[in-house]
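Shown next, in structure tokens, is the structure this report addresses.
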Amino acid sequence: MLVATCRIQLSLNGVTSLKDKRRIVQSIVQRIRNQFHITIAEIEHQDVWQTAVLGMAMVGNDRSFLHGGLEKVVSWLELNRPDCYIVEYQIEFR
């Protein structure tokens with residue numbers, strides 16, 4: 001069994017309050033959960049307005065399938081959320 005994790009740091013343009021940030025992050029988390037059926041949560045910088053860090057995880061037997069699945073999520077974010085710039089992301093296996 002392999003566990004693949006992905007950490008994505010986002011820059012949220014135009015956010016002026018924690019309420020705005022939470023609305024955007026909750027929308028992203030819900031859409032990714034529903035579309036990709038993976039575990040995702042905000043893991044760092046909960047009190048910083050214009051930065052969000054999301055953590056995701058997938059479990060499986062095939063390393064390339066897991067890597068591809070997490071890459072699809074990153075690509076989806078780039079295409080569907082132009083208001084959220086991806087600063088960096090890392091995929092790791094455990």
Close pairs from the range 63-89: first farther than 17 Å from Thr51 by Cβ, partner of a type in the set (D, E, K, R), Cβ under 8 Å, at least 6 apart: Asn80/Arg31
message: With the requirement that a residue be surrounded by fewer than 16 Cβ atoms within 10 Å (Cβ to Cβ) and assigned to a helix (DSSP H, G or I), what does the range 9-26 give you?
response: Leu18, Lys19, Asp20, Arg22, Arg23, Gln26
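Residue by residue, here is whether (1) open to solvent by 50 Å² or more (accessible area, probe 1.4 Å); (2) at pLDDT 95 or above; (3) part of a strand (DSSP E or B); (4) touching a Lys or Arg at 6+ places or on another chain (Cβ under 8 Å) holds:
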position	(1), (2), (3), (4)
Ile28	no, yes, no, yes
Arg33	yes, yes, no, no
Ile43	yes, yes, yes, yes
Val53	no, yes, yes, yes
Met58	no, yes, yes, no
Lys72	yes, yes, no, no
Tyr89	yes, yes, yes, yes
field: Those residues of the range 74-87 which are open to solvent by 90 Å² or more (accessible area, probe 1.4 Å) and aliphatic (A, V, I, L, M), in sequence order
entry: Leu79
- prompt: Quick one: in the range 1-47, which of the residues that are in contact with a Cys (Cβ under 8 Å, 6 or more places away or on another chain) and aliphatic (A, V, I, L, M) is nearest to Lys72 (Cα to Cα)?
  reply: Ile28
Answer residue from the range 74-87, given it is of a type in the set (A, V, I, L, M, F, W, C) and part of a helix (DSSP H, G or I) and is farthest from the chain's Cα centre (by Cα) among those: Leu79
task: Give the residues of the range 60-70 that are of a type in the set (D, E, K, R) and not in a helix (DSSP H, G or I), sorted by residue number.
output: Asp62
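The values are calculated or read from the model by the stated rules, or taken from the named source; none is laboratory data. Just so you know, these numbers come straight off a predicted model, no measurement behind them. Cβ: placed from backbone, ideal geometry, glycine included. Neighbour counts: every protein chain shown. Heads up: the accessible areas ignore ligands, DNA and RNA and are worked out on the full protein's heavy atoms, side chains in. Shrake-Rupley method; radii C 1.70, N 1.55, O 1.52, S 1.80 Å.
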